[in-house]
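Remarks on the structure that follows.
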Amino acid sequence: MAIWNPWHGCKKYSPGCANCYVYRRDNQFDRDSSQIKQTASFSLPLQKDRQGYYRLTAGENPIYTCMTSDFFLEEADIWRPQAWDMMRQRQDLKFVIITKRIHRFSVGLPQDWGEGYPNVTVVCTCENQQTADQRLPVFLSLPIRHREIIHEPMLEEIQIRPYLETGNIQQVTCGGESGEGARLCRYEWIRSTRQQCVDCGVAFSFHQTGAVFYKDGRTYRIPRQLQQSQAKKAGLDYRPPRLPKTTEQMEELFQRLAASEFRSRFSLTPALKQYVLEKGEDTLRRHAKELIRTRLAPAYPKNDGKQTPMKNHPVFVAQHATACCCRGCLEKWYGIPKGRPLTQQEQDIIVEILWEWIRRKAGPAEEIP
Ligand code: SF4
């Protein structure tokens, strides 16, 4: 992990800013944090050493960007295009931008941004319910490839389930507040967010307890150096197995399936191969889409565990071969919990998996008997 601070200083903007660590630290050195200035490391991603090698290397990923300011500050509008350009040039680096000003995301966005640079993760901070409900709909409407949420400092219990159910949030991180005058963080708030993440198959991280932490009827004062380790000791971090979203992930999935004695037994009979040839890709995808929508996508599918026959249609066979046959298998293989409907994105990815399996097993059209 490395840090790149292209500018320094910030303006307090929301409830989470009250005890901002940038202000606290600058205070110690008699510096005015509200003065926003470019730093000497502004061009760090492009800086090279005497041998001509980049000073920042992919081995240091992720690169936390603008950690003593906010990347989307109005005062930084003139510098941001250059910062984006450096990120575009360094595709080998993975930049992480944490912001409370997601509403300013589009100001100065590069023309070639498209659906988002693949090496940029944007993290939207929401410290309470009000900021979550203001910022997350905006966040989800923006062209960003990798989205995460942070509740830090977490100031109350926050319900974000509807936003997680979109399938477009990759991780949620929670943490308390540190420093002088830190506000209390309650264990049950952290548990609540974790449960929402588990239910929606979203990764969860408990980053730090903060200085004042309440659990089981007791308030704990936790020294700075123990706040992260105490959070890790709680054992709340969660990493769901994922549906594949890239070609590499799809390949990894097929390797895992090939390694499974049960899943690798499935194949297409000559009659089913003939069926694939006659019906073609569009029809098979349509069948798969409809079967997934009606038999797998509901929160509680009818006859769950027995809803998919073992033969008579290529999609049925593909469902068993790829562990997309019932909600139990889906939970085990892809971390999608039972008891909630599948998002449209999840259904689309499952159709991709099924077609990929059918395509591989049916072989080239000329080989189909
Ligand atoms: S947005 Fe972040 S850096 Fe800026 S004042 Fe608030 S807490 Fe501090």
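Here, each number is a calculation from the coordinates, and none is a lab measurement. Computed from a prediction, not measured in an experiment: that's the story for all the values here. All Cβ positions, glycine included, derive from the backbone under ideal geometry; neighbour counts span all protein chains shown.
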Which value in deg cm²/dmol, rounded to the nearest 500, describes the helix-derived mean residue ellipticity at 222 nm for the chain, given -39,500 (n - 2.57) per DSSP H run of n ≥ 4 and division by the residue count? -11000 deg cm²/dmol
Which whole-angstrom value gives the distance between the alpha carbon centres of the range 69-102 and the range 211-273? 29 Å
Could you give the size of the charge dipole of the range 2-233 about its Cα centre, using +1 on the Cβ of each K and R and -1 on the Cβ of each D and E, expressed in debye and rounded to the nearest 20? 540 debye
Longest site-free stretch - the chain; sites: GluC sites (Glu not before Pro), DSSP loop, at most 16 other Cβ within 10 Å: 1-114
Stretch in the chain that is longest and holds no chymotrypsin sites (Phe, Trp or Tyr not before Pro) that DSSP places in a loop and that have at most 13 other beta carbons within 10 Å: 54-261
Which one, Ile353, Gly235, Phe254, is farthest towards the positive end of the dipole of the range 223-368 when Lys and Arg carry +1 and Asp and Glu -1 on their Cβ? Gly235
Quick one: go through the range 302-337 and flag any residue whose amide nitrogen is under 16 Å from the point 7 Å out along the Cα-to-Cβ line of Ala258. 322
Pairs to check: Lys100/Lys232; Lys48/Lys94; Lys100/Lys289. Give those whose C-alpha atoms are more than 28 Å from each other in this structure. Lys100/Lys289
Which of Met87, Met67 comes first, and how do the rest follow, when ranked by fewest Cβ neighbours within 10 Å? Met67, Met87
For a test of the definition: using alpha carbon positions, the gyration tensor, and the 1.5 limit on a/c, classify the chain as rounded, prolate or oblate. prolate
Compute the length gained on full extension between Asp199 and Gln47: take 0.36 nm times their separation in residues and subtract their Cα-Cα distance, giving the result in nm to one decimal. 50.3 nm
Can you tell me, using C-alpha contacts under 8 Å and at least 6 residues apart, the relative contact order of the range 2-233 as a whole percent? 14 percent
Antiparallel as a % of all DSSP beta bridges within the chain, to the nearest 5? 25 percent
What percent antiparallel are the DSSP beta bridges of the range 114-231, to the nearest 5? 20 percent
Of the listed pairs Lys279/Lys302; Lys279/Lys361; Lys233/Lys338; Lys215/Lys332, which have alpha-carbon separations greater than 25 Å here? Lys279/Lys302; Lys233/Lys338; Lys215/Lys332
